[in-house]
Structure formats: C-alpha cells, structure tokens
Amino acid sequence: MKNILTRFPLVVLTIITAAVLVSCSLFGNPTVTLTGAGGALNDLVSLSPDNFQTTTSVVGKVVTVQEVQIVFASGTDHGPAYNVAIELLSPGGKNITVFDNYHSNMTGIDFENDGTYTFVDDNDDDGVNQFVLHSGVVVPWTYQADGDFDDFEDWDLMGTWRLRFRVIGSDLTSAGSILSWRVIIEYKEDI
C-alpha cells in the first residue's frame, strides 16, 4: 500500500501532463487579434510612408500571421492599385509585403471600392492570387498576400505592430483613407 501512495503524485502529474499535451494538440496554438485605427492615406509619401499602429502586451513568439484585414472608407478614391504598396512590420522590425503593385504595369485598375480587403498567407487556398475586378475596380475580397506571413515565425509578439502604406501618385486629390485594420496572429507562449 505504501508503494502505491508514494507513486500517486507521479501518476497524477503524468495524467495532467498528458491532458495538457492532448489539449494543445486538439486546440492548437492561441491567437491574438490586434485592431488598429485608420486615417488618411496621402499620396507622394514614398519617403515618409503612412504608418498605422497597434500594440499588444501579450508575451510570446509568433508562429504565423493568419490574416490582415483593411477596411477602406466609403466613397473615397484610393488611387490606382498599381500605385499602392502595403507592408506589415513586427515589433522587432521584420517586415512582410502584404500587397505591392507599385512596380507593376496595371494601369486603369483602382481601389475605389469601400469595404474590407482581407489578405492571407501567400500559400493559403482561402485567398485568390489575382485581382477580383468589377468595371476596372479591385473589389473587397480575400487575397493571397505578396509576401510569406510564415516569415514572422519566432519573432517577438509583444510590442507595436505597424501597417505601412506607400501611395505614390501625381494626383493629391485621390488620397483616400482607411477606417480600421486588424491582424490575427497565431503564437506560442514563452515557457
């Protein structure tokens, strides 16, 4: 009987450890959703791009960015899509291209539609890898990002995340604005 009682704590610890491992494998890594405020997008800002910020105090290491959502304001002209580049920057300074058509030759295609544009990883089948157009306008949809969100792996989660826009154009009246943005990040907790 004494032998059983001395092993009881070890048995309980083994059961708890197994439950934690099963729970982690069933539910995966935790995620955090960071939401940022919007603001004006100004043309001719290649040297000083518009930065939108959001901060988290969650401690951990990034596994991947699941998606970036950008809500453009209603009734504004965001300029030609070929003049827009968008990057996501981590607190440690790592940046990934969300969208970059600045160097393309896609003339006549605009981001004039209001609505939510979602960008997922470049290998995610939930996103399309080409524009969904209606009358020459890029419509709100789920698109594959130009960069690989998995490149954020093992970077620190805690701190200020930035969404950086570069809008290059010759018509200052086509600035436009975003209402808000968010990023969903899968992470692993520091142990």
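Read-outs: derived from the displayed coordinates by stated rules, not from any lab. Note that the coordinates shown come from a computational prediction; the quantities given were computed from them, not determined experimentally. Quick reminder, even Gly has a Cβ in these numbers, built from the backbone with ideal geometry, and neighbours come from all protein chains shown.
Between Asp100 and Ser177, residue separation times 0.36 nm minus the direct Cα-Cα distance comes to 26.0 nm. Highest average first, the peptides 62-68, 152-158, 120-126, 28-34 ordered by how many other beta carbon atoms sit within 10 Å of their residues are 62-68, 152-158, 120-126, 28-34.
With a sphere of radius 13 Å drawn around the Cβ of Thr33, what net charge do the other residues whose Cβ falls strictly inside it have (Lys, Arg +1; Asp, Glu -1)? Within the 13 Å Cβ shell, the charges total -1.
Label-to-label distance for Lys61 and Glu153 is 1.1 nm, based on points extended 7 Å past Cα in the beta-carbon direction. The local environment of Thr54, defined by Cβ-Cβ distances under 11 Å, has a net charge of +2 under the rule Lys, Arg +1 and Asp, Glu -1.
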